[in-house]
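The values are calculated or read from the model by the stated rules, or taken from the named source; none is laboratory data. As the structure is a computational prediction, the values presented were derived from the model and not from experiment. No Cβ is skipped: glycine too gets one built from the backbone with ideal geometry, and neighbour counts run over all protein chains shown.
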Amino acid sequence: MTIYDSLHEIHLDKLAEVAEGRARLTYLVAQRLRAIINNGAQLLVERKPGEALLAAVCREVLEKKIWLEIPEPEEMPVEPFEEVTSFLADDVVSPDL
């Protein structure tokens, strides 16, 4: 098996279903790869000989070893744009007409 063969075995539709969407899947995989490459985090599945790191991370998702937790809107402490709009309102200057 070559590294490219392991990438061809990835089933994107199954992954997206497990991660609850392609956007969440993209974010989850990117964060996991960054943790492994930059911080030295260990894989939660055994890497097969010749398997790409991306394929191993995708297996972690399929086996539900990793997942993405996003708080529901009612759990967020502040309205998403409240701080931004109050900050912008202080600096907005309107021309005299």
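Summary table below
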quantity	calculated
TYR27 more than 12 Å from TRP67 (Cα to Cα), hydroxyl-bearing (Ser, Thr, Tyr) and part of a helix (DSSP H, G or I)	no
Exclusive hit being part of a loop (DSSP other than H, G, I, E, B), hydrophobic (A, V, I, L, M, F, W, C) and modelled with pLDDT under 70, set VAL45, VAL78, VAL84	VAL78
Close pairs from the range 29-44: first within 13 Å of ALA56 (Cβ to Cβ), partner among the small types (Gly, Ala, Ser) and assigned to a helix (DSSP H, G or I), Cβ under 8 Å, at least 6 apart	ALA41/ALA35; LEU43/ALA56
Criterion violated by ASP13 - all others in (1) in contact (Cβ under 8 Å) with a residue 12 or more places away in the chain; (2) part of a helix (DSSP H, G or I); (3) not polar (S, T, N, Q) satisfied	(1)
